Amino acid sequence: MRLILPLLLLVALLVVSIAIDPPRPRADLVTGYSSIETLDPQIGRAHEDIEIAYALFEGLVTFDPKDFSMVPGVAASWDISDDGTVYTFHLRPDAKWSNGDPVTAGDFRFAWSLGLTPDTAPPYIDFLYYIKGAKDYYNWAQQSLTEINEMDAPPAEKLAAARQRVERFGEKFDELVGVKVIDDRTLRVELQEYLPYFTEIASTWALFPLHPPTIRAHMHVDPFSYRLRRDPQWTKPENIVCDGPYVLDTWEFKRRIRLRRNEHFHSAKDVNLATIEFVHFQDYVTMFTAYESGELDLVVGATPVPFAPDLIAAQREGKRNDVHELDAYGTYYYVFNTRPTVEGKPNIMADVRLRKALAMTIDKKRLVEDVTRLHQTTTTCLTPIGAINGYDPPQGLPYDPDQGRKLLADAGFPNGQGFPAISLLYNTGGGHEFVAQAIAHMWKEQLNIDVKLEAQEWKVFLRNRNVGQFSVARSGWFGDYSDPTTFVDLMRTGNGNNDAGFSDAKYDAMLDAAAAERDQTKRFKMLSEAEHYGLTVGVPLVPLYYYNIIHLYDPNELTGVTQHQRNVQMYWRIKRIRPE
Amino acid sequence: MSRLIFLRLAQLPLLLLVIYTVTFVLAWAVPGNPLEQEGRKPPKEVEEAMRAQYNLDDPVAFYVQYLIGKPRDGGGRTGGVLTGDLGPSLKYKDWTVGQIVGDALPVSIQLGAAAILIALIVGVTAGVIGAVKRGGPLDLATLSVALIGISMPTFVTGSLLLMIFTLQLRWLSIGWGSVSQLIMPAITLSLPFAAYIARLTRLGMIDVMSSDFVRTARAKGVGEGSVIFKHALKVAFLPVLSFLGPAAAAAMTGSFVVEKVFNIPGMGKYFVDAVLNKDLFLIMGVVLVYSTLLIVFNLLVDLAYSLVDPRIELD
């Protein structure tokens, strides 16, 4: 009997724990996700977070996923002043929160006054900085916080001061920031300077409104740091109030997120899928298995599976009509360290002739056909071709091994003689090692130089690349908005993402001149010239190819899955084709 | 007996403090910044504000405050691991470590319990058959299966099951939530344990079957079934029991591969994920929960030992 006891215990444990999770009906659309960091749109950052943010919330402006054109969101229309710096948004009368409250101009002011503080510290705060006085307001919020922390007073007094500080947020915001609530339906926003793509910025998650009563109920002043804290519980289904096409029905951490149609949404009748379930997968192969077995209707971005090349081949041969491949709004490139010294020693890569020689001896066609086998579109420029209406990206450096060898000789290393081994930094996994090996091989073959391959764990890699502990490093960039500056700024002096440490006064001046130009056609031309100069004269990096993305779904069952390069799904535009 | 329990329980906090300190030092020494991500970097002032929010700029303050909480106005302290507050997750900003662990731990325990249950039933049966029919074809068969079970990694058996039952036959789905979804992962996870238990039982049974008390029992005219199950197995089971403690802990905590193959929302993934993301609070929380679990399991096995075998005194 004693022997059976542990067995019985185990059985009991099993029965009790299984009884807790009853299965539920299948949603209208079931798809997978790999990582959601937060549902708070203001602090959202990662791609999947942002797609869900667009399902739950809506900004003043929104976009049509077909061609990424800007269309009315909460604002039915807007006027732009002649000098292009003042926007007046007219809110639609039927814009409502999911609890039925109207969405007002004040809700935007409220959200922005919280976003522009060190207490919230949103990763995309730059998007708010475009508004006039926004930076001054942030500085005030930072300084007042520092003052309270440095006060020589008992904690109770400091806490009282901290509470007063938070109460002054609204008043200070009105005083310093160029945002004016004219009435519940009219919001005037003054920009720091002319910004041709501000309507797109106004459509982003960083400028979404927040429901003041909900947020207020979840805010408190932290008695230790004296910061205003927002309890993340506000994003849980029982608390969240949102203004987008969907509301949050269920969120089980790393299991599933279920959305249901927001009946208060102004276009609720156009929302075809009444429920959407996002199932969490740790691994894309498992996600693919679930899709193949019919558990998922849609996989967005299945590219990480190791057999992606076979999927693309099957699609090209006409064997699979459920594989949809598209170019992304992102470029895979190698960055050169242009700093004069590395770890106190002179940096040989500071010589532009060497950078050019390396850039011109990479056979990109071979990379995409034989190494990645994903057949990405190869490129010589940084900004994706065809992604921005009216922008014509320039030609960068061509593949020209003879010229490369000549440049190497000019730099003092004929046939690679005396060339010190340089380090090529990349992060482990993701197939980057194959590209790195192939490129090192090409350089050995064409230039007779040796390259030390250095694989590093992700976080270590990020840090070393950012501080310039490398000669050449693997890199990639996805644009944030539809303007070439989201790419060409990567080569600007002092840009936080300028891992090359590149600094060229002429290049910066070209960008400044373009920024001052009001004529969009001229401006794009100037930016294209700047990009050309950066990529062929400065050469802080060499673009290799655009990322590509694979979606999996049956085209006879679903329509409206975006095929646009920007690749942001608007789930409420997806429709299920139902047999008549 | 009670003295043992008392002693062990008294050791628990001390052991955990050592584990806490070692984990903290290692986690802090791992290069990389938990708030650093690929893509657009926030402006400097915002990055600093983020770091300051979580004490990431001061290891000593972090160590102390995470353990015993922060001082409260008017005396006393609040928060900290000691009050059960495991802190926020740095990567998954809407969740606390307590919520994450609370959600994932039951899953791992269910899966582990199911696996050990299967392992016990299959392993002991196979072991007994092997010992009784020693040298016969059945013995050979169970031995070979056991050998395969021990040598085959779970990601191979798991993937094989997946290919047959999910992709080809479409009988079973992957994920978590229904009994049918438990079948494949539990079997996969149980195989190495079942194989080990089978071998332990077989060896123990062979040994015991030739001992004096078994011969006496047979001489008294006790039926063969009764001899095997009532007399012999009871003694032969002891080595299995001592294996069961670490095995249960391993099954409930070390199912990372199985969780990945069958998409199960258990604890295993946080062990790896948390370190990769350098999610300090999550690392500390997961390690503390796991260590507590391990220590408790070992204690339980020691107790069970004395219950089953009256010859063992634990004082």
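The values are calculated or read from the model by the stated rules, or taken from the named source; none is laboratory data. The structure presented is a predicted model; accordingly, all values stated were derived computationally and were not measured. Cβ coordinates were reconstructed from backbone atoms using ideal geometry, including for glycine residues, and neighbour counts include every protein chain displayed. The protein model used for the area step is the full one, side chains on, heavy atoms only, and it has no ligands, DNA or RNA in it. Shrake-Rupley method; radii C 1.70, N 1.55, O 1.52, S 1.80 Å.
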Dipole magnitude of the range B:103-274 about its Cα centre (Cβ charges: Lys, Arg +1; Asp, Glu -1), debye to nearest 20:
520
By a straight-distance test (C-alpha under 21 Å), which lysines pair with A:Lys525 as possible cross-link partners, with residues fewer than eight away in the same chain excluded?
A:Lys506
Work from the charge dipole of chain B (Cβ charges, +1 for Lys and Arg, -1 for Asp and Glu, about the Cα centre) and give the residue of B:Gly123, B:Pro106, B:Thr188 farthest towards its positive end.
B:Gly123
Per-residue ellipticity at 222 nm for chain B, helices alone: DSSP H runs ≥ 4 residues times -39500 (n - 2.57), over residue total, nearest 500 deg cm²/dmol?
-22500 deg cm²/dmol
Förster-model FRET efficiency, 45 Å R0, B:Arg218 and B:Leu303, C-beta, rounded to 0.05
0.85
Just order B:146-152, A:34-40 by mean Cβ neighbour count inside 10 Å, highest at the front, would you?
A:34-40, B:146-152
Filter chain B for me: DSSP H helices, axial length by Cα at least 15 angstrom, mean Kyte-Doolittle hydropathy not below 0.0. List them by residue number.
B:2-29, B:97-132, B:137-151, B:179-209, B:238-253, B:280-308
Of all the accessible heavy-atom surface of chain A, with the other protein chains kept in place and a 1.4 Å probe, what percent is carbon and sulfur?
52
Heavy atoms of B:Lys133: accessible area, 1.4 Å probe, square angstrom to 10:
120
Compare the Cα positions of A:Gln142, A:Gly178, A:Gly44 along the charge dipole of chain A (+1 at Cβ of Lys, Arg; -1 at Cβ of Asp, Glu; about the Cα centre) and return the one farthest towards the positive end.
A:Gly44
For the range B:103-274, the accessible surface attributable to carbon and sulfur atoms (probe 1.4 angstrom, ligands and nucleic acids excluded) amounts in percent to 71
Using a 1.4 Å probe on heavy atoms of the protein chains only, the accessible area for B:Glu224 in Å², nearest 10, reads 90
Pick from B:Val46, B:Val272, B:Val128: which residue has the top mean-square fluctuation in a GNM of chain B where Cα pairs under 10 Å get a spring?
B:Val46
Considering every residue in A:321-330, what mean count of other chain Cβ atoms within 10 Å of its Cβ is obtained?
0
Taking the Cα centre of the range B:9-68 as the origin and placing charges on Cβ (Lys, Arg +1; Asp, Glu -1), which of B:Leu9, B:Asn55, B:Trp28 is farthest toward the positive end of the dipole?
B:Leu9
Quick one: check the C-alpha center-to-center distance for the range B:8-68 versus the range B:132-207, whole angstrom.
41
Net length gained if the chain between A:Arg578 and A:Glu317 were fully extended (0.36 nm per residue, minus Cα distance):
91.1 nm
If you place +1 on the Cβ of every Lys and Arg and -1 on the Cβ of every Asp and Glu, how big does the dipole about the Cα centre of chain A come out, in debye to the nearest 20?
880
Give the aspartates and glutamates whose C-alpha is closer than 14 Å to that of A:Lys135, dropping any in the same chain fewer than 8 places away, or say none.
A:Asp126, A:Asp174, A:Glu175, A:Glu190, A:Glu193, B:Glu45
Point-to-point label distance, A:Gln520-B:Ser242, nm (Cα→Cβ direction, 7 Å offset)
8.0
In the calculated pair distance distribution of chain A, what percentage of Cα-Cα distances lie above 46 Å?
23
In this structure, among A:Lys180/B:Lys91; A:Lys66/A:Lys254; A:Lys356/A:Lys452; A:Lys132/A:Lys158, pairs with alpha-carbon gaps over 26 Å are A:Lys180/B:Lys91; A:Lys66/A:Lys254; A:Lys132/A:Lys158
Could you name every residue in the range B:210-243 that has 50 Å² or more less accessible surface in the full protein assembly than in its own chain alone (probe 1.4 Å, ligands and nucleic acids excluded)?
none
Residue-count net charge about A:Ile125 - beta-carbon cut-off 10 Å; Lys, Arg +1, Asp, Glu -1
-1
B:Ser151-B:Thr21 FRET efficiency (beta carbon distance; Förster radius 45 Å; 0.05 resolution):
0.75
How big is the charge dipole of chain B about its Cα centre, in debye rounded to the nearest 20, if each Lys and Arg gets +1 on its Cβ and each Asp and Glu gets -1 on its Cβ?
900
